Every structure is written in C-alpha cells, then in structure tokens.
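Following: one structure in structure tokens, then a few remarks.
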Amino acid sequence: MSTLSSNEITHPPMRWGIRFARLMEGKAPRRLALAALALLLAFLSLYPLSMLLYGSLHTTPPGMAGTFNLSGYIQVFTWPTAVVFANTVGISLLKTVFSLLLAVLFGWIISRTDTPMRGSLEVLITLPFFVPPILTAMAWGMLGNPQVGVINLAWQWLSGSETPLVNVYSYAGVVWHMLQYSTPFLFLFVVEAFRAMDPALEEASRMCGASQWRTFRRVTLPLMLPAVITAFLLSFIRGLESFESPLFFGTPAKIEVVTTAIYNSIHHQSIPNYQFASALSFVIMGLMFLLVIWQWHLLRGRSFQTVTGKGYSPRVIKLGPWRWLTFAVCVLFFIISVVLPIGQLLLGSFFQFFGFYQWDMLTLDHYRSVLGNDEVWRAFRNTFLLGFGGASATMVLGSIVAYVSTRTRWSGRQLIDVLAWLPWMMPGMVLAVGFLWGFAFLPGAITIYGTIWALLIAYVALGTPVSVRVMSAAYHQLSFDLEECSRVHGASWWQTLWRILIALAWPSFAVGWVLTFFGIMRELSASVLLYSVGSEVLSVVLLRMWENGQAEAVSVVGLMMMLLVFLFRWVQLRLIKRYVSTL
Amino acid sequence: MSRVLKWIVCAGWLVGSSATVSAQSADWTAVVDAAKKEGKVVVYSMALGAPYYAAVLKSFEAKYGIKVESLDLRASELAERVRTEQAAGRFLGDTEIITTTMIEEQLKTGDYVQKVGDIPNAANLREPFKTSDVSVPAYVQPMGILINTRLVKPEEEPKSWNDLNDPKWKGKILSDDMRPLGSGNTMFAVLQKKMGAPFNEQLAEQKPVFSRDMRNDARRVARGEYPIYVPQVFAFASDLKGLPVKVVIPQEGAPYAQMEFALLKNAAHPNAARLLINHFLEIDSQLLYANAWMLPVVKGAAERANDDAKAFANAKLMGMATLAERPAMMELARKLYQ
C-alpha cells in the first residue's frame, strides 16, 4: 500500500479571500506590515528630527562646514532660558486647565442634557478654533487695549471709572487668547467621548443612590479618562508651542516664551541660531515625552470600554428649568469668543479700514479684491486638494497606527505609537526647518523638494499625532467582546474591521478629519518653507496679504473659511446623526 | 595745427566711445536674445506680493515675453532656503532681492552668489548707490516717525529724532522691538551712530512699548492707542491715506534698508535674471516704487513721482545698519531694554 507524503496531499482549491485572510493571520505578513508602518512613520518623523538633531549638535546647519559641540544645549541650560521656560509652562498649564474645564462642561451640556438648540450650539462653540489666530489677535487688540479698546471705553462710559477694565497686552491676555482656541479643540475630543458612553454605568450609580454630581465625578469622568488625558496632553503640548498669542499680546508686556525665543533665534538674530533653536526644541521634546510616559502609566492596565455589545442610546439628563442656564452659558461663550471678535472682523470687512466705521469709508472693495484675485482662488484650490488628500491620508494612517497600538498585542506597537507622537512634540517652526533640510538633502533622484508632494508629506506628518490620538481614544472605548462576537459568528478579519471597528469609530474619524483638514488650512511654518511657485496655499497667501497691510482682505478670507466650517460641521453632524440613528 | 589735432583727438574719442557703446549694446542684445531663449526666470523675493513689485514683474513679462516665477518669503526663510538649496545642489532660483546685509552675510558664510556682470541701466544709478561685483541696488526703504494727527497737535509734531525724547512722550511711544533683528534694530543702530549714544539712552528712559507687527502697529496709532510710532517705513504708510496719521521725515534724515539684486550660483536662467535686473532699473519701474513712497535708486524717477510721494522719494538718507556692527547693536539694545 502506498502512502502519500504531506506535500503530495491535494487540497481543494482555496478561495482568494480565504487565502488572503489566512495570510493576514500569519506572523510574517504581520511583521512585514509592522515594519512598513514603522518605516513610513520614521520617514515622516524621525528623518526630519534627525536633521534637526544634527543641527542641534553642529555649529552650522547641514551643508556648511562647522564642528560638533554642545553649545546649543549649554545655552539652553541658563537662567534666562529657565525663566522663559517657566513662563511657557505657566501659561500653557493655566490655559489648558481652564479650557479643559470649559470643554468638559460644554461636552456634557451638548451630549448629555436636554439643553435647547444643542445641535446649533455644538457648531457655534467650535467656531473659534477655525479662525486664523492672527485675525482674532487683531480683533482682540481693538476690543481690549487699555487706551481705546471698545470694552474699556464702554466700561468707562458705564461706570465713570478712569481705569481700564481689561488689558489684553498682559499675561492674562495671552492665556485668554489661547483659551479661545483650546476650548473648542478640547470640546471636539470630549463631546465624542461623552456620546460614545453607555449610560448604563451612570444609571447603575444613580440606582445605588449616588447624586448626579457624584455620578459625574466618580463614574462619568473616570470613564472619560483616556479622552480627557489625551486631550489635556495634546492641548498642553500645543500650548507650549503656541506662537501668535505670546507674540502679539506678550511682547508689549515683556513676556517671552519658548516659541518667541525660538522665533528670535531663527528669524531675528544676526546669524540664525539654529543650534540653540533645535537644542531648545529637543529639551522641550524630552520633557513632553515624560508627559506621554505619564499618560501611558495612568492608562495602563485599566479598562475604559464603554461601547459594548449591549445596545444603548445616549441618556439625556432632564435639567428642567436649569436647561436655560446651561443654554445661557454656551451662548455667553459663543458671544465672547465668536461674536465679539468675529463681529469686529465682519463689520471691518465692509469698511476701508478696521476700526474706522464712517459712512464715507463703507466699501465692498475688500470682497471684490479677494473674489477677483486669481492667486486666492489658486491657493484655495491647492489648499483644498492638499486638505482633502492630506486629511484623508492622515486619518487612514492614524487609524492604522491607533489600531495597532490599542487593539493588538503585537510586539513593537509601542514604538509605532511613539513615532506617531514625535511630530507633535517639536515646535512647528523648528520641525518645518527639519522638513526643509530633510527634503532638500534627499538623494538627487528623489525630487520631493520644490514640489507639492513636500507639502503633502509634511502635512501628513504634522497631522498624524492628532489623528492617532483621536482614533486611539475612540478604540479605547470599544469593547473587545464586539470583535470576538463578530469572529465567533463567522465574520472575517476584514469584515470585523469594517462592520465593527470602522463602523463604531467613524464619528471620531470624522472629527479627526475635520481637525486635520483645518489644521492643514491654517498651517504656515512648514508651508512657507516648502511651497513652490504654483503650489501656494491659503496660509501663504494670507501671510502675503497681511504683510502688505491688507488686514481687511485677510478678514474676508477668514470669513470665507468660517463659512466652510459651518458647511463642514453641518454635513458632519448630519451624517453622525443619521449614522447614530441606524446603530 | 593744434586745433586740427584737437579735432582729430575728439573725433577719435567719439568713434572709440561709440564703438564701445555699440559693442556693449551688441553684447546686451545677445543677453536679451539668450534671455528670451531661456524663457523664464525664478526670483526669490522678500516683497511678499507687494502690488508695485507685481506690477514691475508684469511689465517685464509684457515687454520681453519671459515668464517670471516669484517665490515670496520672509527674510530669514529666504536666506535659509537659498543656503539649503545651494548646499544640496538643487539650483531652483535664478536671482534674489534681499537686503545689502544679507548679501554680505551670504558672501561671508558661503558661496551662493555669482558675478552679475554689466547691467546697462546701472549707469543711471544716483548717489550714493553703487553696484558691486555681485549685487545691484534695487530700491530703498527709508523710515521715519508716524504720528496720530488727532493726538499730536501741529505745534507738538516732532521735527527731529531728538524730539522723541521730550518728557511729554514718556510711555506714549509704540515701537518695533529694537532688540531683535528688524526695522527697530536698524533704527537703533543708525541713530546710535549718527545721534550719539546718549540719544538711545534717553529714548530707553522714555519707556517705549515694543511690538512686533509693523503693519498693525501703524493702525494702532491711527486708532489712537498711541500718539507716536517708530520706525515707520514710509511705504507701509502709503496705503493708510484717509486715516488720521502722518509720516514725519526727521530733519537729520531717515535710517534705511537697501534692497539689492544678486545672481544665484548655477542659476538655470542667468540671462533672463540679468535682463530682469536691468528692467528693475528702468525709470518706469522705479517710478512704481517712488509712487509707493520708496526711494528710487536711479536718476529721473523721484522727479516724476506723484505729489504726495515726492517728499519720500527725495528724503534725506541718514544711513543703514551694517553687518559688522549688528551683533554689538543687538547686544546694546538688549542691555538698554532689559
């Protein structure tokens, strides 16, 4: 009797789908995929950072003769830099704490209470985030300057006092201006986390006799920890890197922060001091990294899964007459952070000059000049192209990275997570120089430099940390039971990914996409260093207009951007509503 | 006999010089032809799309049919981009328009620019402007004092830089930050040299408030936040007509920043670049700058400027900051304005 060896055994032909699924479940493809992902992230983050590391250790930038030394780092560890650093941390901490409190309050009001007109309020609260800071800085300069600011004149007229009520050119002014951007940014994170929470846990707490406040403090908030901590970190780090607010409101009050010190050392030194700028950035990066480790430590080994296999519908708390108070709080924030500054911009856009509201200066010239400007339209087209492509690519990459780091036990996943964090920790204006050097010094045959691809790659790198954080927070809330249940019922890995993970996390994906898209629209540091003739983007055109004294035209473009925000947010919320109703 | 000799010498000189001119013009015709063949020129500029700059480029394109690609960047970004491209062997730019000190710095730190060669219109440069082997003056940005005409009575208007140190202006002067590199420090350096050290010491006692947004700062003065702003680049006030502000040209003169053309090493379109430089020195091109309250560098443009621009186009110049003095001046400003 003859026997058949194992390789002689004939198998029935296997379907391609099954073959691919099996391949995906094997270890080799997984390692390959992980390596490819690590390589891609390394190119996006490690490569420009390595150029900067060289810059921090070398007396001259790449391509120039010089020597290696530590003088950049020695300059960092001096008393004046320590003072600058203390200012920076103080300002960022203050604005992050206040804006997080506000964001949690607004997130709760919008997603969990019966406050009237929540849909509209949700769009309105997020508006300040999308306005170029330079415009609101100008508007707040007009509103809150101690000499002739509108608020102070009104206060003096009403109270008879001779002392001004507010002074935006101060420490508080810097914090206030930053707060207007970080509150909506944090709100966008927090509101989705509130929405994705199964209220059964809160109901259980209430059933056991806990008060509303105690339930919020002991159940709701701790369950939101990943989203809140992630948002806190992102906002705090972004606060350390904030530039416009300290430049406009801090300089007159002699407040110097890390970014203005870096700006001075690159742009306003006799010979640009890249060594100090990059060394200072690396020291800050090290400190930020400690914060990230603290975040990992805080979240490690704890479960925050609130989206489980059990059906739920977000519970709405009936506030009774108090709902008008919560409504008033949201409206007040909207009036102060949007109506006041944007009202100034809107009004000013119809006059020849901001702040000079005379009949003989009424004009539509600014609208005519913007709408008839080919360069503006070309920049809009380029920005949209890069925004759509960049935001989509960034979110896909972020989703994959977040999936690997939160939903798998693959070795090396933490490395992937770290690589994705890195660009967020380096101040934008320094990282932009890293990209410039990195792309320029690639081998001659690789012609990224001087093309629109340089911008796209830089935008993806800059946006990846946010996309990863948004998606990680979303994945953290999804129970593993859901995936296991799907697989038990015969769904393939792809089907599970598509029908469970993507389906449940896509509202967060949409939020991340909008954040990334508008991040690209506003990005200036890398854009101005990497753009080429024909690939001008909106931020570069706005800079040109601003530098040419066309502040009113800049406002017109800013207002057009706000219209876009309305449109995007409306579509996004409609889709989420439709999607949530079919869950 | 001697008269005949004189005639012969004169005739010889005329023939000789006309031969030189015709040789030069023949050379230049070759440059123009080569430029047209190149078909394009890439300029790196700090003008950031200023309308007068765009108008000159447009007139060049119309006259020669050569496309101009202008990459507008801020000073430090422009310098770093040029340096990086040259170091990496990516020669994308042909020419640059930057400050005199930036060109000095490029010469000091690397090998980024090449000889410009003869530019015919450079013969029409007015005093004190001169070409060098590697640079050609393009235009000048002088600076003065901006006042709010509602807050400063005509009899109180400062006429001299010294008037800024009148005690009545203490705490009432808005200024571009004098410590970092920029217009504020240029003014500080020139006044230190021309008015003497006590001037800056007294000015520091006046406690000027620093800011870093020149365009918006002029508007802040117009709105009445401060009665005085220094240094006001004349050109930046030319578009504020209708607002209650006035630019004062101090009797001692105006500190200034000079913009110059340089030809980048390994430029892909060197002839088109030279032709553009020559076009910038045409009187009509310079007139566009003069009418924008800048100081033209060639003869014949200031005289033709609009009435409101004439004073600025003919302003007395006080001096410009130099590369050698810059670190010391920045250090001194930091010391005085701690």
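The values are calculated or read from the model by the stated rules, or taken from the named source; none is laboratory data. Because the structure is a prediction, the values reported are computed rather than measured. Backbone-built Cβ (ideal geometry, glycine too); neighbour counts: all protein chains shown.
Being closer than 24 Å to residue B:81 by Cβ and free of Cβ contacts under 8 Å to residues at least 24 places away in the same chain is the filter here; which residues of the range B:105-150 pass it? Selection gives B:132, B:133.
When the residues of the range A:234-254 are filtered to those that are aliphatic (A, V, I, L, M) and surrounded by 20 or more Cβ atoms within 10 Å (Cβ to Cβ), the one that is farthest from the other protein chains (Cβ to nearest Cβ) is A:234.
If you check residue B:221 against the conditions, is it among the aliphatic types (A, V, I, L, M) and under 20 Å from residue B:160 (Cα atoms)?
Answer is yes for this residue.
Evaluation of residue A:334 against the conditions (1) within 26 Å of the chain's Cα centre (by Cα); (2) at pLDDT below 85 shows that the sole unmet condition is (2). If residue A:411 passes every condition in (1) closer than 30 Å to residue A:283 by Cα; (2) assigned to a helix (DSSP H, G or I) but one, which one does it miss? The one condition residue A:411 does not meet is (2).
Take the residues of the range B:54-73 that are of a type in the set (D, E, K, R) and within 7 Å of another protein chain (Cβ to nearest Cβ): which is surrounded by the fewest Cβ atoms within 10 Å (Cβ to Cβ)? That would be B:69.
Among the residues of the range B:6-53, which ones are within 14 Å of chain A (Cβ to nearest Cβ) and either part of a helix (DSSP H, G or I) or at pLDDT 90 or above (or both)?
B:40, B:41, B:42, B:43, B:44, B:45, B:51, B:52, B:53
So which residues in the range B:323-338 are among the hydrophobic types (A, V, I, L, M, F, W, C), without any contact (Cβ under 8 Å) to a residue 24 or more places away in the chain and either assigned to a helix (DSSP H, G or I) or crowded, with 17+ Cβ neighbours inside 10 Å (or both), if there are any at all? Correct list: B:328 only.
Find the residue count for the range A:473-491, including only residues that are aliphatic (A, V, I, L, M) and modelled with pLDDT under 75.
Counting residues in the range A:473-491 that are aliphatic (A, V, I, L, M) and modelled with pLDDT under 75 gives 1.
Identify, please: which residue in the range A:446-477 is within 14 Å of chain B (Cβ to nearest Cβ) and hydroxyl-bearing (Ser, Thr, Tyr) and is, among those, surrounded by the fewest Cβ atoms within 10 Å (Cβ to Cβ)? Among residues in the range A:446-477 that are within 14 Å of chain B (Cβ to nearest Cβ) and hydroxyl-bearing (Ser, Thr, Tyr), the one surrounded by the fewest Cβ atoms within 10 Å (Cβ to Cβ) is A:447.
Note on the range A:485-536: enclosed helices (runs of 4 or more DSSP H) holding 3 or more residues that are closer than 18 Å to residue A:461 by Cα, within 14 Å of another protein chain (Cβ to nearest Cβ) and of a type outside the set (Phe, Trp, Tyr) are A:525-530. Of the residues A:436, A:442, A:397, the single one that is of a type in the set (A, V, I, L, M), touching an Asp or Glu at 6+ places or on another chain (Cβ under 8 Å), under 19 Å from residue A:43 (Cα atoms) and in the same structural domain as residue A:513 (by TED's automatic domain parsing) is A:436. State yes or no: is residue A:118 of a type in the set (D, E, K, R), crowded, with 22+ Cβ neighbours inside 10 Å, outside the structural domain of residue A:562 (by TED's automatic domain parsing) and more than 23 Å from residue B:221 (Cβ to Cβ)? Taking the combined requirement at face value, the residue does not satisfy it. Against the list (1) closer than 19 Å to residue A:341 by Cα; (2) surrounded by fewer than 17 Cβ atoms within 10 Å (Cβ to Cβ); (3) in contact with a Cys (Cβ under 9 Å, 6 or more places away or on another chain), the condition residue A:125 fails is (2). Within the range A:346-358, at least one residue is surrounded by fewer than 16 Cβ atoms within 10 Å (Cβ to Cβ), outside any helix (DSSP H, G or I) and modelled with pLDDT under 90.
Residues are listed down the side, and each one gets a yes or a no for (1) at pLDDT below 85; (2) in contact with a helix residue (DSSP H, G or I) (Cβ under 6 Å, 6 or more places away or on another chain):
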site	(1), (2)
A:225	yes, no
A:236	no, yes
A:244	yes, yes
A:253	no, no
A:256	no, yes
A:268	yes, no
A:277	no, yes
A:293	yes, no
